[in-house]
Amino acid sequence: MKENRIDEWSIRKRWNPFNSYKLLAQVYRWRKIERGKALPQPVLVTVDPINLCDLRCVWCNSEFVIDRRKGKRISTSTLIKIADFLAEWQTSPEWEKGVEAVCIAGGGEPLLHEGVGEFIEELRKHDIEAGVVTNGTQIHRFIPQLSTCTWVGVSVDAGTASTFSQLKGKDLFPRVIKNMEELISYAEKKKAYLGREGQGYGVSYKYLLHPGNVGEVFRAAKLAKDIGCRNFHLRPMGIPWNLVGKRESIFSEKDLRVFEEEVHRARELEDERFGVFTITHKFNQRLTVSNAFSQCYAIFMTCVFEPATDGNASHFNLGLCCDRRGDKLLELGENLDVPEKVEKLWGSEKHWNIFDRIDVSVCPRCTYQPHNQIYEYVIKRDFMTYKFI
């Protein structure tokens, strides 16, 4: 088998939003991660407004938390308080600026929450950038607010209506594509923030690779370009944290060959505006889990505001890993009633005790693998001798 089956992106598209080398820009911040000292506030946090979804994807990595907290939400008023807190969160005088970006995502579909538009408006009022991960079925409800985001990633995961229905449980492919077209058109006509120049802005057509859609990569990429998407963003599916060791994600040799052929065809669609990005560096050669680090420092770099366990919409939980939503081990705070309590928990002994207990060998495919590798090999051990530029 080849060491690398296919390049993740073409050379001319190297400086893109999916390139984990951008994390090196945070070295100055992460160098301050030390037990017993004030931690820098995260540059990015994730906010899950609601544990509810209108689709049922066969690979759902949020099934655990949706099934156990179904319909639980963070109230609109609490979302606004969180936005205000993030703008002011300052863990020490040397960190003058609060959180700089928020990813609105979910253990569920975030746009099913009626207050997401107001939340985005509040974030932007504080000059906090917003990105949204959505399945696309509800985009039409929030087009003006979504157009003020930096990016909107739509998890389409198919190139045809039949495959969409088979993998996602409902026949909503036409609605999703129409919603994406309308958002792109609106952003362009209004010259909105979403429509700014640059590979990192705009609407991304997200594609979670699965044996059931491996043969539609080119078709989906072509559709993405035709409707005006900036990026076609593909990554292989992973195993949910609660099923690691119980179920395997297996791509056959035939699947891998088809994938390679499809991506080569898709790359021919690229131009100055449109790019095809296949994010495989967080996986091994067979596109399964490969967490090449020994400890999880990422829990000091970002966090997740989630609906509260007690179901009180004015409360929220503070999780530490978007890949292990609902895992009690990774929850720093439960049923918090005011965002300011986050400051006391961040960098606390409880925070470090969680770090001590994490066994990365039982983690699923890690979104934050590059964070951990950079800390371990660049900051802690300086394998790159990074001062020698």
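The values are calculated or read from the model by the stated rules, or taken from the named source; none is laboratory data. The structure presented is a predicted model; accordingly, all values stated were derived computationally and were not measured. We place every Cβ from the backbone using ideal geometry, glycine too, and count neighbours over all the protein chains shown.
State yes or no: is Gly98 at pLDDT below 95, among the small types (Gly, Ala, Ser) and either more than 26 Å from Ile66 (Cβ to Cβ) or crowded, with 18+ Cβ neighbours inside 10 Å (or both)?
Against the criterion (at pLDDT below 95, among the small types (Gly, Ala, Ser) and either more than 26 Å from Ile66 (Cβ to Cβ) or crowded, with 18+ Cβ neighbours inside 10 Å (or both)), Gly98 qualifies.
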Check your understanding: Out of (1) exposed (fewer than 15 other Cβ atoms within 10 Å of the Cβ); (2) under 25 Å from Arg267 (Cβ atoms), what's the single condition that is false for Ala220?
Key -> (1)
**Study point:** Every residue from region 251-276 that is out of contact with any Phe, Trp or Tyr (no Cβ under 7 Å at 6 or more places or on another chain) and in a helix (DSSP H, G or I)
**Key:** Glu253, Lys254, Asp255, Leu256, Arg257, Val258, Phe259, Glu260, Glu261, Val263, His264, Arg267
Study note, to complete from the structure: Going through region 302-332 in order, the residues found to be touching a residue at least 40 places away in the same chain (Cβ under 8 Å) and in contact with a Lys or Arg (Cβ under 8 Å, 6 or more places away or on another chain) are Val304, Glu306, Pro307, Ala308, Thr309, Gly311, Ala313, Asp323, Gly326
**Study point:** Only listed residue being β-branched (Val, Ile, Thr), within 28 Å of Met237 (Cα to Cα), surrounded by fewer than 21 Cβ atoms within 10 Å (Cβ to Cβ) and touching a residue at least 24 places away in the same chain (Cβ under 8 Å), chosen from Val45, Val58
**Key:** Val58
Practice item. Pick out the one residue from Asn353, Asn372 that is in contact with a helix residue (DSSP H, G or I) (Cβ under 8 Å, 6 or more places away or on another chain) and not acidic (Asp, Glu). Key: Asn372
Revision key, fill the gap. Restricted to region 253-265 and to residues being buried (at least 20 other Cβ atoms within 10 Å of the Cβ) and of a type outside the set (A, V, I, L, M), the residue farthest from Met237 (Cα to Cα) is Glu262
Review point. Looking only at residues in region 106-115 that are in contact (Cβ under 8 Å) with a residue 60 or more places away in the chain and outside any helix (DSSP H, G or I), which one is surrounded by the fewest Cβ atoms within 10 Å (Cβ to Cβ)?
Key: Gly115
Check your understanding: Take the residues of region 266-295 that are surrounded by 15 or more Cβ atoms within 10 Å (Cβ to Cβ) and modelled with pLDDT of 95 or more: which is nearest to the chain's Cα centre (by Cα)?
Key -> Phe277
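Scan Val152, Val203 and give me the residue that is more than 15 Å from Leu111 (Cα to Cα), under 18 Å from the mean Cα position of the chain (by Cα), surrounded by 22 or more Cβ atoms within 10 Å (Cβ to Cβ) and hydrophobic (A, V, I, L, M, F, W, C). Talk me through it step by step, then tell me what you get.
On the way: Val152 fails: more than 15 Å from Leu111 (Cα to Cα).
Residue meeting the stated conditions: Val203.
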**Study point:** Complete set of residues in region 155-177 that are free of Cβ contacts under 8 Å to residues at least 40 places away in the same chain and either surrounded by 15 or more Cβ atoms within 10 Å (Cβ to Cβ) or of a type in the set (Val, Ile, Thr) (or both)
**Key:** Phe164, Phe173, Arg175
Revision key, fill the gap. Flagged pairs (Cβ under 6 angstrom, 6 or more apart or on separate chains; first in region 205-218, farther than 18 Å from Phe283 by Cα; second charged (D, E, K, R)) are Val217/Glu262; Phe218/Glu262; Phe218/Arg265
Review point. Applying the selection to region 347-389, what residues are part of a loop (DSSP other than H, G, I, E, B), of a type in the set (Gly, Ala, Ser) and surrounded by fewer than 19 Cβ atoms within 10 Å (Cβ to Cβ)?
Key: Ser348
Review point. Given Gly326, Gly347, Gly333, which one is out of contact with any Cys (no Cβ under 8 Å at 6 or more places or on another chain) and at negative phi?
Key: Gly333
Exercise for review: Report those helices (runs of 4 or more DSSP H) wholly inside region 128-217 carrying at least 2 residues which are of a type in the set (A, V, I, L, M, F, W, C) and farther than 23 Å from Glu118 by Cα.
Suggested key: 161-168, 173-189
Check your understanding: charged (D, E, K, R) and farther than 17 Å from Asn213 by Cβ: does that describe Asp310?
Key -> yes
